[in-house]
Amino acid sequence: MIELAPDQLPPLTRWFTAGSPGAAALPEHVLASGTGRWWADRAAAPRALAVACADHVLLRGDPEALARDALAVFGAHYVQAPARFLPALGSAFDLVVPWERMLYLHQVPVPVPRTPDGVTVRRLAAEDAPALAALTPDTAWVHASWGGPAGLAASGLGWAAFREEDVLAVACTYFHGTRYEDIACFTVPEHRRQRLALACVTALCQDIATRGHSPSWTCSRDNRPSRLLAWTAGFRLEHEYVQHLTGKPAHQGSGLPA
């Protein structure tokens, strides 16, 4: 596949449904934020289209239009695609693992819980980027959809629990769509079980509602803590679906861009 510049994009209404929740809001997020990349089998009148942001990919179109190794650029990604793409994914990677997911929509307003003494929950601001960057490397996924801590901090779409200058928990809009905002959250391990994530998530949900949008929540079916947090924060299950985690390209030396 070849990468497309934003001014090369075809009309997207035939490819993606506007106003969709969960990871399906990814195309709208990429258009609005500029974080992410677009790919197609060809620039003019494409027959297959992909959009990638952070480690997530959405595929649409006709997989028969793709060369054998066309999808190899999406190694180690979570791919959401119609079932007709599975043979192409299977031939492109040494491993394709189905990942059962759950999509929740926010339906029950919940008050922001009290936090421990000395902890403040507030909106992130641009000057909070160093505090986000100071979190452990395994938290980088939280701000990946904004291109890094500076992008998330400046977006105005994140809330965090602070003790002095330290971030203890954070919740943010991960994919910002035209109708739904899909949420991500994280709590520093030693500060869990203090309802800090719940405080951040409920504050963020109230903020999303003031924008006239609706919060959505996606998580693994096996992630019981995330499911419990979603329920406690007022989310209710909408449907289940399957993404696929890709492994390494099955054919090395294909000459595809990294």
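The values are calculated or read from the model by the stated rules, or taken from the named source; none is laboratory data. These numbers come from a predicted model, not from an experiment. Virtual Cβ from ideal backbone geometry, glycine too; neighbours counted across all protein chains shown.
One residue alone among Arg211, Arg193, Arg224 is of a type in the set (Lys, Arg) and modelled with pLDDT under 95, and that residue is Arg193. Against the conditions (1) free of Cβ contacts under 8 Å to residues at least 12 places away in the same chain; (2) in contact with a His (Cβ under 9 Å, 6 or more places away or on another chain), Gly212 satisfies every one except (2). Condition first: of a type in the set (Val, Ile, Thr) and either free of Cβ contacts under 8 Å to residues at least 24 places away in the same chain or over 17 Å from Asp41 (Cα atoms) (or both). Can you find one or more residues in the range 94-101 that meet it? Checking the range 94-101: at least one residue is of a type in the set (Val, Ile, Thr) and either free of Cβ contacts under 8 Å to residues at least 24 places away in the same chain or over 17 Å from Asp41 (Cα atoms) (or both). Counting residues in the range 203-226 that are charged (D, E, K, R), more than 27 Å from Leu58 (Cβ to Cβ) and not in a strand (DSSP E or B) gives zero. Out of Val108, Val96, one residue alone is over 28 Å from Arg236 (Cα atoms) and in contact with a Gly (Cβ under 7 Å, 6 or more places away or on another chain). It is Val96.
One residue alone among Ala169, Ala144 is closer than 15 Å to Phe186 by Cα, surrounded by 15 or more Cβ atoms within 10 Å (Cβ to Cβ), touching a residue at least 60 places away in the same chain (Cβ under 8 Å) and not acidic (Asp, Glu), and that residue is Ala144. Residues of the range 11-34 that are free of Cβ contacts under 8 Å to residues at least 40 places away in the same chain, more than 18 Å from Ala81 (Cβ to Cβ) and crowded, with 16+ Cβ neighbours inside 10 Å: Leu31 alone.
Answer yes or no as to whether Ala197 is touching a helix residue (DSSP H, G or I) at 6+ places or on another chain (Cβ under 8 Å), touching a residue at least 24 places away in the same chain (Cβ under 8 Å) and in a helix (DSSP H, G or I). When the stated conditions are applied, Ala197 passes them.
Taken over the range 54-85, the criterion of being in a helix (DSSP H, G or I) and either more than 19 Å from Leu9 (Cβ to Cβ) or within 22 Å of the chain's Cα centre (by Cα) (or both) is satisfied by Pro63, Glu64, Leu71, Ala72, Val73, Phe74, Ala83, Arg84, Phe85.
Counting the residues of the range 227-254 that are of a type outside the set (Ser, Thr, Tyr), outside any strand (DSSP E or B) and more than 22 Å from Pro98 (Cα to Cα) gives 8.
Could you check, for the range 185-200, whether at least one of its residues is crowded, with 19+ Cβ neighbours inside 10 Å, within 17 Å of the chain's Cα centre (by Cα) and not polar (S, T, N, Q)? Scanning the range 185-200, I find at least one residue that is crowded, with 19+ Cβ neighbours inside 10 Å, within 17 Å of the chain's Cα centre (by Cα) and not polar (S, T, N, Q), so the answer is yes. When the range 35-81 is filtered for residues that are touching a strand residue (DSSP E or B) at 6+ places or on another chain (Cβ under 9 Å), without any contact (Cβ under 8 Å) to a residue 60 or more places away in the chain and surrounded by fewer than 18 Cβ atoms within 10 Å (Cβ to Cβ), the ones remaining, listed by number, are Arg37, Arg42, Ala43, Arg47, Asp62, Glu64, Ala65. Please find, among Val51, Val30, the residue that is of a type outside the set (S, T, N, Q), outside any helix (DSSP H, G or I) and within 21 Å of the chain's Cα centre (by Cα). Exactly one residue qualifies, and that residue is Val51. Selection within the range 117-161: residues that are of a type in the set (Val, Ile, Thr) and in a strand (DSSP E or B). The member of this set that is nearest to Val57 (Cα to Cα) is Val121.
Annotation: Val57 fulfils all but one of (1) farther than 27 Å from Phe235 by Cβ; (2) modelled with pLDDT of 95 or more; the unmet one is (1).
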